[in-house]
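Participant: The structure is given below, and queries will be raised subsequently.
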Amino acid sequence: MRTLFLVVTAVALAALAAVSSAAADQPFSRCPTDPSVVVPGPEICTFSYSVHRDLPAGTRCSFDVTIDYEVTGTIYFFENPPRAVAHMVAEGTATGNGHTLRRVARFTETASPEIVFTDHGLLGRYSLPGGGTVTVFAGYDRDSILPPEPEIFHGNFFDDRDVAAFCAALT
């Protein structure tokens, strides 16, 4: 989860650098190109990135699996209390043995000082032939680096039964 937020934050910061200055007749930019600019209320920026994973035979299934999805979202940077909140949607596919499963995700991730990450929502669900689903992660996860505290998780996580259903749907 931390890796995902770091990617989102890096993408958001890159988007900050890439956005051109708004002309006087354009709406007020809530995602300024100059990080020293203070905007009233939260800074609001959009981002997108692609994820591609190759899972060689034996890592999840007995055959090669490829997972591809696009993540789009909006990130809000707040000063009081300081935090970043990203609302994300991801859509894509998993393919293997000539079969394809559709993947969807809708979740919110919050980063707050010092380094505490909180995820909640659906971080991945595959639609199976015949109408079933396999959930990769759905629920609430809180992970604290500073201060170091035990991870808190409530929900459904990808277990052996889900892996078996995932691989069976691709055969």
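Participant: Do you know which residues across the range 70-95 are surrounded by 15 or more Cβ atoms within 10 Å (Cβ to Cβ) and over 21 Å from Leu123 (Cα atoms)?
Facilitator: Residue satisfying the conditions is Phe77 alone.
Participant: Let me ask something additional. Looking only at the range 155-163, decide whether some residue is in a helix (DSSP H, G or I) and either more than 24 Å from Ser62 (Cα to Cα) or open to solvent by less than 30 Å² (accessible area, probe 1.4 Å) (or both). Outline the logic, then answer.
Facilitator: At the first step, the residues of the range 155-163 found to be in a helix (DSSP H, G or I) are 160-163.
Filter once more, so that each one left must be either more than 24 Å from Ser62 (Cα to Cα) or open to solvent by less than 30 Å² (accessible area, probe 1.4 Å) (or both): 162.
Yes, because at least one residue in the range 155-163 is in a helix (DSSP H, G or I) and either more than 24 Å from Ser62 (Cα to Cα) or open to solvent by less than 30 Å² (accessible area, probe 1.4 Å) (or both).
The values are calculated or read from the model by the stated rules, or taken from the named source; none is laboratory data. Quick caveat: nothing in here was measured; it's all calculated off a predicted structure. Every residue, glycine as well, gets a Cβ built from its backbone with ideal geometry; the counts of neighbours run over all protein chains shown. Remember, those area values only see protein heavy atoms, side chains included, never the ligands or the DNA or RNA. Shrake-Rupley method; radii C 1.70, N 1.55, O 1.52, S 1.80 Å.
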